[in-house]
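Notes follow once the structure below has been shown.
Computed from the coordinates by the stated procedures, all read-outs in this text should not be read as laboratory data. Quantities reported herein were computed from a predicted structural model and do not represent experimental measurements. A quick note on method: Cβ atoms are made from the backbone with ideal geometry, for glycine too, and the neighbour counts reach across all protein chains shown.
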Amino acid sequence: MKPINQAQISFDSRSVNEGFGRAAVAAFLSQLDPTVADLTDMKTAVSEAVTNAIVHGYKDKRGTVYITVKLFENGKAVVKVRDKGCGIPDIEKAMEPLFTTGGEERAGLGFAVMQSFCDSVRVTSAVGRGTSVTLTKYFDTKQ
């Protein structure tokens, strides 16, 4: 199925830019006329994905975070958050609740949060090449 609308943005992997990524996606998704709850869910999921790219993907170096948003006629929204950072050696382990490589200040709940707010979460990664997180959510377009 071909998207009815799409957008792409990229920005430096600085923590101050996380809010920009979240707000940009929310602004684009607003054309689906989502409920406040659904929009908040996606903002939270995108925030977690962007934070993972910044904190874990690039660790102590600077890189670029890429976001693509695609909207489909059936109310389906697909948001892809991608980095070209260090990659994830064991995706299954990384997606376990409470697992983190970020030290004591990280809860290890990012993927669990994304999964709870989206209809599907798909993660692909290659060590040394980066990670892509694809968030899919269906919005009720018959409100």
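Quick notes on this structure:
- Taking amide H as placed 1.01 Å from N in the peptide plane, the amide H of GLY85 sits under 5 Å from that of GLY130, THR131, each at least 5 places away or on another chain.
- Once both labels are positioned 7 Å from their Cα atoms along Cα-to-Cβ, the gap between THR35 and ASP90 label points is 3.9 nm.
- Within the chain, helix-based [θ] at 222 nm, where runs of 4 or more DSSP H residues each add -39,500 (n - 2.57), nearest 500: -8500 deg cm²/dmol
- Around PRO3: net Lys/Arg minus Asp/Glu count, Cβ-Cβ under 13 Å: +3
- Dipole of the chain, positive direction: furthest Cα of MET1, THR35, VAL81, with charges on the beta-carbon: MET1
- Normalised by the number of residues in the chain, the average gap of Cα pairs under 8 Å and 6 or more apart makes the relative contact order 28 percent.
- Region 5-138, Cα convex hull volume normalised per residue, Å³: 98
- Computed from backbone phi with θ = phi - 60° and the Karplus coefficients 6.51, -1.76 and 1.60, the 3J(HN,Hα) list for region 63-75 is x, 10, 9, 10, 10, 10, 10, 10, 10, 10, 4, 7, x Hz; x is used for glycine and proline.
- Gain on full stretching of the segment that runs from PHE20 to ASN5 - 0.36 nm per residue minus C-alpha separation: 3.4 nm
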